[in-house]
Structures are given as C-alpha cells and as structure tokens.
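A.B. asks: Once you've had a glance at the structure underneath, I'll fire off some questions.
The values are calculated or read from the model by the stated rules, or taken from the named source; none is laboratory data. Please read these numbers as outputs of a predicted model, since none were measured by experiment. Cβ placement follows ideal geometry from the backbone for every residue including glycine, while neighbour counts extend to all protein chains displayed.
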Amino acid sequence: MTVASPTAPQEAGIRTDTAAARRALRNQRIAEVLSAWSLAGPALVLLVVLFFLPVLSVFAIALTDWQFGASTLSFVGLANFREVVADQGFRASLANTLLYVVIVVPGTIVLGLAIALLIESGKSCRAFYRAIHFLPFMATLTAMAIAWEALLHPTIGLVNQTLAGLGLPSANWLRDENTVLPILAMIGIWQNLGYAMVLFLAGLKAIPQDFYDAADIDGADLWFDRLRTVTLPMLGPVAMFVFIVVALKAFETFDTVQVLTQGGPGHASEMLLYTLYRESFEYLRTGYGASVAVVFLFIVVALTLVQARVMDKRVHYQ
Amino acid sequence: MSISATHGLGSPAAITRHAILLITGAVILVPFVWMISLSIKPPGEIFRASFSFWPEHFFGIENYTRALTEAPLPQYMLNGVIVCGLIVVAQVAVCAPAAYALAKLDFPGKNLMFALVLVALILPHEVLSLPLFILGYQIGILNTYAALIFPYVVSPFGIFLFRQFFKTIPDDVVHAARLDGLSELAIVWRIMVPMSLPAIIAFGIFSVVGHWNSLFWPLIAVRDQSLMPPPLGIMAFKNEEAGNDYGPLMAASTVVVAPLIIAFIAAQRWFVEGLTAGSTK
C-alpha cells in the first residue's frame, strides 16, 4: 500500500485541467520519485558495495590462483574446487561440521522444547527460569569459551574433579581427538538451547486455549494426552523453523574452535568457518579460501531456502 | 496451557517442575559460576583440587587489578562501546529512510530494491569477509576503527524489520504530516521512527549484542591491541600474557561478559524480543 499522491482522478467529466496543471502534476510526481530515491539511495549503494559486489567477487576469486599480495593471478577454472574436494583437511572439516550439526541440532531442540514445556506448565517464576536458560545465548562466547576451558582443564577443571570424585574415568577433553568434537557440540547446545526455548515459548503462547478445551472435552485429561494431541502437533511448524535456525547457527560455529582448539588435535575439531578463516587470512591462499567460502555459501543458502518454504507453509497452515 | 485446580504451588507436579528447572538452570550456570569463582581465587587455590566456590583467601582485588592493568581491558571495553555505538547509529540512519521509502512511497525500482534486501538478508557475512578485507586494504583503512565498522553500516535485516513496522502505521498519519508541511526526511525521523520505537529498540539490542560478541571480523580487520573489541582483546590476553594464569584471565572474562548480562537482567523482555526478532527474518 503506497501513499504516493494519486495521479489525479481522470474522470471524463473533468475537462478543467489544463496543460499547465498536468505539467505541475508531473513535476510533483518527479519530485516524489526523487525524494524516494534520495531516501533509499544511500542504503542501495551500500548494499551493492558491501554485499553484492563482494559476493560476486568471491565467485570470481574462487576461479583464480590469486594469493593475497601477489601482483599476478591467472584464471584456473574449477581447479580450486577440485583441490578443495580432494583435500583431506577440507573433507575432515566438512565431516566435522556435519557431525557437529547432527549433535547440536537435536540436542538443542529436545532440551529447548522440554524446558519451554516445563516453564509453560506452571505460572510461577516463569521470567526467572527463562532468564537463566537464556543467559548463555547472549554472553560473549569468546569469554565463556575461556571459562569452559578452565572447567574442562585435565587436572584442575571441575569436570574431571567431579568425575574423579565419583570414581569415573576422566579425559583431556579438548586435546583428545575422540572427545573434542562432542565437547564443542555440548558447548554449542549449552549456548543455543535458551534460544530454542524462547522460540518454543512464543509458539506455545500462540496455541489457542480452545484447542485444549476441546481436547479436555474429548477426554484428554492427562497432561501427556494434551501434549500428544494438541501441543506437539501445533508446534510442528515452529519446530521446523527452530530446526533450520539452529542448524544455521551450528554451521556458522567459529569462536569456540578459534579460542579452544584451533581445529586440533590434528584436524579433529576443524570446522568450515575455521577452515575458511585460516586458508584466507592466515595462509593467504586467497583463491582456495574463496572456493571454501563458495561451498559454505551454498550450504547456508540451501538451508535458508528450506526455511523460506517452511515459513510459507506455516503461513498457510494457520 | 490449562492448569487444573490441583496444580497449586505445593502440588507434586509443581514441585517436580521447580526441581527440574532449578537443576537444569544450575547446570546452565556452572560455567558462569566457575568463571567468577576462579576470578577471586589466588593461584594456589586454583591449582588445588577443591570444589569450594568461595576462596579461603579472597584474591579478587589482585586478579581484577591485574586484568584491568596488564591487558588494556578498559581500552577493549571502550573500543567495544565505540564500535557498537557507531554501527547501530549508522544502521538506523541508513536503514530507516530506506525502509520508509519501501513502505510508504512509490518509485520505479522499488520492487527490485526490496528483492535485493531479501537476497542480502540470506548472505552469511563471513562469506563476504575476503572481498571486504581486500576492499578495506585498497582504501587503506585496515587496522582502524573504520575497518571494524564499515561492513555493517547498512543492515538488510534493519531495512526489512523497519519496513514491516512502518507499513503498520496508517497512511493517514503520513498524509497529515505532509499537510503540516513536513519533508519526507522529517516524516521519517519525527513520525515513523518515534512511532516504531519498539522495533528500533529491538533492532538496537540485536545489533549491539551481535557486534559486542563478534570475534570473526575483528580478528581479520585489526591487529593493534589499542583497537581490539572485547572478544578479540580477551583472546589476545589469553594467548600472549595470561596463558595459564587463570585468576586474571577469568577476571577479564567476567568483565567482558558483565555489561550485557547486567543489561539483560535489567531489561529481559526487550532482550528476548530483540534477539529473537533476528530469527523471524
């Protein structure tokens, strides 16, 4: 709906408007378009310079053998992509990222949903519980990663002290290639579950009370019956949505890898964004880094398009 | 969710609810508690196997003093405030007029521009880092405040969110403002923005929290310690000076995390709204 002045009612009876009036009207319209563009123009220029030219250049750079600082470069076609696909390091990075996502997404959704249901099942202390569980999502992850490192310290960390106290085996969690990725995933769940929780809480609020009343009449007396017949089916679209946004966040994990493991030991905790960073900015293999960026872009865009379809469905569903 | 009469505060179900949520909440808080606990302990107690939260010898003054003086921590915090502040001001200044044009004006190219906003919305920013780094290098602003700020001066999400809000403001309001002789730019700042304050605040929180916590781009954009925002600064502190000196390191971490936590506790509803607004894009 726009408020631009209408181009005058062109009723057949009105013959009073002269050429001058028409010209004035056209001038007014031109002035309007100019003022609209003067408002939207700066944003458009910045979008082009800071988003669209860069994304096009990533594709272009990915097709060259350029190294940052070198004065020459040549077109190498898809050679970088062939190298990326064949590279053991990149394969490990992709596999690690997928495994990480496969742990973090269900873990975050199940815990986030369970906590949201528990909070919503009573009236007292709702804001308090919500605040506590949401805290990690907004705490600076770089700083909290350092706290996690202290917790996971092989000798003085609380985790190993507790395990030793209980007579259970302990480990050097961040230096052992078998435990490092699950531990990073656990930190990922810790960070994101509050986010999933608030999204589910919003979804729960949107379920009409009528549905529960109807379920009551149908004999769904138990909490579990109401959960099974009303709550979970109605949360389906929200759950799909949470699934995608948490998956996107998991794919974009960088801080914990950079601070805690630097991808090690070996390649055991290397993930896509860390590979992208290291190849592009530490090894300055610019062309190679750009092709990693392209692969990453395709994954994220594919997920986002799935999200867009889900959101479309949700609109129709309600 | 219907609560039957038996579900009073003392009922078994209510007690179970509180018990579970207190336990999960406690587990969630463990890293925060451990961080604060180590930040007030002397080295001797940190390296002794013990569970106590409170130290035998309170060493908080020493640790926090070292954190604030050995690393340029106040400088990091100031950098964070400057960078986040300039980014959010620039974003609102650029996005609000554009959002108004998209919501309330008619001009050729409008649909194309909105399509560009939607495409920019799904681009992960890390993918753009390489060309933005090269751009920053070409115009010679790497390793300055400008390098930390320039990639973010326009926010596709900001344009999108403000446009949604501006569309809900009745057209009559705009007509009336025009009759009063307000220019289009004045309508943006004196009518649309004040009437959309909840959206502006939510976006502001979303932006500030995101950039205060961000490590990826600052790691690329600046090298000088005097320019580092808090996450990058604390990483440098860990790598170079503190190493295994946990007391000051945890004190520094606490100082970095504290401002957002305090703001969050003070304005919980706004934070939840702002940070989840980002997901409804």
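A.B. asks: Considering only segment B:209-231, how many residues are within 15 Å of B:ILE82 (Cα to Cα), buried (at least 24 other Cβ atoms within 10 Å of the Cβ) and either touching a residue at least 60 places away in the same chain (Cβ under 8 Å) or not assigned by TED's automatic domain parsing to the domain that holds B:ILE87 (or both)?
C.D. replies: 3
A.B. asks: Can you name the residue in segment B:114-130 that is surrounded by fewer than 21 Cβ atoms within 10 Å (Cβ to Cβ) and assigned to a helix (DSSP H, G or I) and, of all such residues, is nearest to the chain's Cα centre (by Cα)?
C.D. replies: That would be B:HIS125.
A.B. asks: Looking for something surrounded by fewer than 16 Cβ atoms within 10 Å (Cβ to Cβ), touching a residue at least 24 places away in the same chain (Cβ under 8 Å), more than 11 Å from every other protein chain (Cβ to nearest Cβ) and part of a helix (DSSP H, G or I) - is there at least one such residue anywhere in segment B:51-71?
C.D. replies: The answer is yes; a qualifying residue exists.
A.B. asks: Quick one: in segment A:56-87, of everything that is polar (S, T, N, Q) and closer than 19 Å to A:ILE299 by Cα, which residue is nearest to the chain's Cα centre (by Cα)?
C.D. replies: The extreme case among them is A:SER57.
A.B. asks: Does segment B:184-203 contain any residue that is more than 30 Å from B:VAL119 (Cβ to Cβ) and touching a Ser or Thr at 6+ places or on another chain (Cβ under 9 Å)? I'd like the intermediate steps shown before the answer.
C.D. replies: Residues of segment B:184-203 that are more than 30 Å from B:VAL119 (Cβ to Cβ), as a first pass: B:186, B:190, B:194.
Applying the additional criterion that residues be touching a Ser or Thr at 6+ places or on another chain (Cβ under 9 Å) yields none.
The answer is no, given that none of the residues of segment B:184-203 is more than 30 Å from B:VAL119 (Cβ to Cβ) and touching a Ser or Thr at 6+ places or on another chain (Cβ under 9 Å).
A.B. asks: So which of A:THR64, A:THR108 is of a type in the set (Ser, Thr, Tyr) and within 28 Å of A:SER269 (Cα to Cα)?
C.D. replies: When all the criteria are applied, what remains is A:THR108.
A.B. asks: Here's another thing I want to ask about it. Counting just the residues of segment A:175-184 that are surrounded by fewer than 23 Cβ atoms within 10 Å (Cβ to Cβ) and in a helix (DSSP H, G or I), which one comes out farthest from the other protein chains (Cβ to nearest Cβ)?
C.D. replies: In this case the residue turns out to be A:LEU181.
A.B. asks: Tell me yes or no: at least one residue of segment B:15-30 is more than 30 Å from A:LEU193 (Cβ to Cβ) and in contact with a helix residue (DSSP H, G or I) (Cβ under 9 Å, 6 or more places away or on another chain).
C.D. replies: No, segment B:15-30 has no match at all.
A.B. asks: As an exercise: evaluate B:LEU182 against (1) farther than 30 Å from B:ILE220 by Cα; (2) part of a helix (DSSP H, G or I) and give the number of the one condition it does not meet.
C.D. replies: Here B:LEU182 meets the rest and fails (2).
A.B. asks: Something else now. Residues A:VAL238, A:VAL246, A:VAL257: which one is in contact with a helix residue (DSSP H, G or I) (Cβ under 9 Å, 6 or more places away or on another chain) and farther than 20 Å from A:LEU303 by Cα?
C.D. replies: A:VAL257
A.B. asks: B:ARG163 passes all but one of (1) without any contact (Cβ under 8 Å) to a residue 60 or more places away in the chain; (2) part of a helix (DSSP H, G or I); which number fails?
C.D. replies: The number of the failed condition is (1).
A.B. asks: Here is a follow-up. I want to confirm something. Restricting to segment B:148-169 and keeping residues that are of a type outside the set (Lys, Arg) and touching a Lys or Arg at 6+ places or on another chain (Cβ under 9 Å), which single residue is farthest from A:LEU53 (Cα to Cα)?
C.D. replies: B:ILE169
A.B. asks: Given the conditions (1) β-branched (Val, Ile, Thr); (2) free of Cβ contacts under 8 Å to residues at least 12 places away in the same chain; (3) at the interface with chain B (Cβ under 8 Å from one of its Cβ atoms), which single one is not true for A:VAL245?
C.D. replies: Here A:VAL245 meets the rest and fails (2).
A.B. asks: With respect to A:HIS153, determine if the residue is closer than 30 Å to B:VAL255 by Cβ and in contact (Cβ under 8 Å) with a residue 40 or more places away in the chain.
C.D. replies: no
A.B. asks: Could you look through segment B:86-113, keep only residues that are more than 10 Å from chain A (Cβ to nearest Cβ) and without any contact (Cβ under 8 Å) to a residue 60 or more places away in the chain, and pick out the one that is farthest from B:TRP217 (Cα to Cα)?
C.D. replies: This residue is B:ASN111.
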